[in-house]
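The values are calculated or read from the model by the stated rules, or taken from the named source; none is laboratory data. Since we're looking at a predicted model, the values are computed, not measured. When we count neighbours, we look across all protein chains shown, and the Cβ atoms used for this are built from the backbone with ideal geometry, even at glycine. All accessible areas refer to the heavy atoms of the entire protein, side chains included, with ligands and DNA or RNA removed. Shrake-Rupley method; radii C 1.70, N 1.55, O 1.52, S 1.80 Å.
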Amino acid sequence: MHLLTFFIAEALRKERIKLGLTQDQMCAGILSRPFYARIESGKNRINAESLFKILLEHQVDLVEFCDLIQDDYTSEERKVEKQFEFKMNLAVSAKDTEALDKYCQQIMNSSNNEVLKLRALITSAYFKGETDKIDVEIRTKIKAEFDGGNNWLERPDLLRLLANTMPMWPQDELDFLIGRLLDFAKKAEFSELTTERYLRLLENYLVVCYDRKVHKKTAHFDHIDDAMEYIIDATESFHLMIYRIEVFYMKALFLDQMDKAKEIRQDLGVLGYKNFIASWPE
């Protein structure tokens, strides 16, 4: 049996049980019960059209379903990398530089993923205030990933790389990339997962601009304003509301409305988000 066939069968069975459905109810009007039973047992394959019909008929979250398959189908190396990424993200949110440095070293020593290594290296350097120590070879290697041939606007790994390496980019080059990204994002229709990737990246851009005091050095606000506008427009979903709140927080900082920014932080702290917002600039 092909591994993917087995993992799809297991994921379908888990979803069916979670929904409290019989096999006949799960496939009604789409496949015969005997054929579907053989799918769940891994003896038959299901084509993409029938699979999506079943999932959509029962309002199964497609991202969650793919996650069920991914958890089993992902290589052990990738699982370890995801654990490191998760731990690094927690360390960044809490501004725990000691933990961040530890996880960075673990990634550098154990991963074969060059993009992940670059992300870890720059993130650690940024939070230690050492981005100026990044050598020219590494900078050149990172910039090479963002030429037109790599289709970086649609690649999750390179979008994450840009988000993590923004502090090392000169402002004019960073503005150029963000301009291209905003032009592309405004014309495209994304899933909520892809939208969230863009939101994280644009939030990082706002933070970098604020840290560099770009708003005080120039009257050119196009990308800052456009980024904020895009985030507001893209966060109607309650699930994405935290990104909208961060925009209002960043806008208060850009406008030197420190009392308003402080009030937002205090309110989020009362609601239990103190650690989550620890990395927000003040």
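Restricted to the stretch 63-99, and to residues that are at pLDDT 80 or above and open to solvent by less than 70 Å² (accessible area, probe 1.4 Å), which residue is nearest to the chain's Cα centre (by Cα)?
Per the stated criteria, the residue is Phe65.
Restricting to the stretch 270-282, give me the number of residues that are more than 15 Å from Met250 (Cβ to Cβ) and open to solvent by 30 Å² or more (accessible area, probe 1.4 Å).
Adding up the residues that qualify gives 7.
Which members of the stretch 7-36 meet the condition of being hydroxyl-bearing (Ser, Thr, Tyr) and surrounded by 12 or more Cβ atoms within 10 Å (Cβ to Cβ)? Reasoning before the result, please.
Residues of the stretch 7-36 that are hydroxyl-bearing (Ser, Thr, Tyr), as a first pass: 22, 32, 36.
Tyr36, the sole residue that qualifies.
Can you find, within the stretch 171-202, the residue that is farthest from Val247 (Cα to Cα) among those that are free of Cβ contacts under 8 Å to residues at least 60 places away in the same chain and of a type in the set (Ser, Thr, Tyr)?
Thr194
Cβ-Cβ distance below 7 Å, separation of 6 or more or different chains: which pairs start in the stretch 252-277 with a residue that is over 16 Å from Val207 (Cα atoms) and end on one that is in a loop (DSSP other than H, G, I, E, B)?
These pairs meet every condition: Leu268/Ile277; Asn275/Ala94.
Hey, among the residues in the stretch 25-59 that are touching a residue at least 12 places away in the same chain (Cβ under 8 Å) and acidic (Asp, Glu), which one's farthest from Phe7 (Cα to Cα)?
Result: Glu57.
Among all residue pairs at least 6 apart or on different chains, which show Cβ distances below 8 Å where the first residue, located in the stretch 3-14, is small (Gly, Ala, Ser) and the second is open to solvent by less than 30 Å² (accessible area, probe 1.4 Å)?
If the second residue must be open to solvent by less than 30 Å² (accessible area, probe 1.4 Å), the pairs left are Ala9/Ile39; Ala9/Glu40; Ala9/Gly42; Ala11/Phe65; Ala11/Ile69.
Going through Met168, Met241 one at a time, which residue ends up being in contact (Cβ under 8 Å) with a residue 40 or more places away in the chain and of a type outside the set (S, T, N, Q)?
Met168
Considering the stretch 103-136 alone, what residues qualify as being assigned to a helix (DSSP H, G or I) and exposed (fewer than 15 other Cβ atoms within 10 Å of the Cβ)?
Gln105, Met108, Asn109, Ser110, Glu114, Asp132, Lys133, Val136
Is it the case that the stretch 216-230 has a residue that's open to solvent by 60 Å² or more (accessible area, probe 1.4 Å), on the phi < 0 side of the Ramachandran plot, modelled with pLDDT of 90 or more and among the charged types (D, E, K, R)?
Of the stretch 216-230, the ones open to solvent by 60 Å² or more (accessible area, probe 1.4 Å) are 216-217, 219-222, 225, 229.
With the extra rule that they be on the phi < 0 side of the Ramachandran plot, the set shrinks to 216-217, 219-222, 225, 229.
Next, only the ones that are modelled with pLDDT of 90 or more stay: 225, 229.
If we keep only those that are among the charged types (D, E, K, R) as well, we get 225, 229.
Yes: one or more hits.
Of all residues in the stretch 239-262, count the ones that are assigned to a loop (DSSP other than H, G, I, E, B) and crowded, with 16+ Cβ neighbours inside 10 Å. Steps first, please.
Initial filter on the stretch 239-262 (assigned to a loop (DSSP other than H, G, I, E, B)): 255-257.
Now drop any that are not crowded, with 16+ Cβ neighbours inside 10 Å, which leaves none.
Matching residues across the stretch 239-262 total 0.
If I go through the stretch 37-53 residue by residue, how many of them are open to solvent by less than 80 Å² (accessible area, probe 1.4 Å), more than 14 Å from Ile17 (Cα to Cα) and in a helix (DSSP H, G or I)?
Looking only at that region, the number is 4.
Looking only at the stretch 167-215, count how many residues are closer than 24 Å to Asp135 by Cβ and outside any helix (DSSP H, G or I).
Total meeting the criteria: 3.
Exactly one of (1) open to solvent by 60 Å² or more (accessible area, probe 1.4 Å); (2) part of a helix (DSSP H, G or I); (3) charged (D, E, K, R) is unmet by Arg265. Its number?
Looking at each condition in turn, Arg265 falls short on (1).
Cβ contacts < 8 Å: first residue free of Cβ contacts under 8 Å to residues at least 60 places away in the same chain, restricted to the stretch 100-129; second residue assigned to a loop (DSSP other than H, G, I, E, B) and exposed (fewer than 15 other Cβ atoms within 10 Å of the Cβ), any location; separation 6+ or different chain. Result?
If the second residue must be assigned to a loop (DSSP other than H, G, I, E, B) and exposed (fewer than 15 other Cβ atoms within 10 Å of the Cβ), the pairs left are Asp101/Lys128; Phe127/Lys95.
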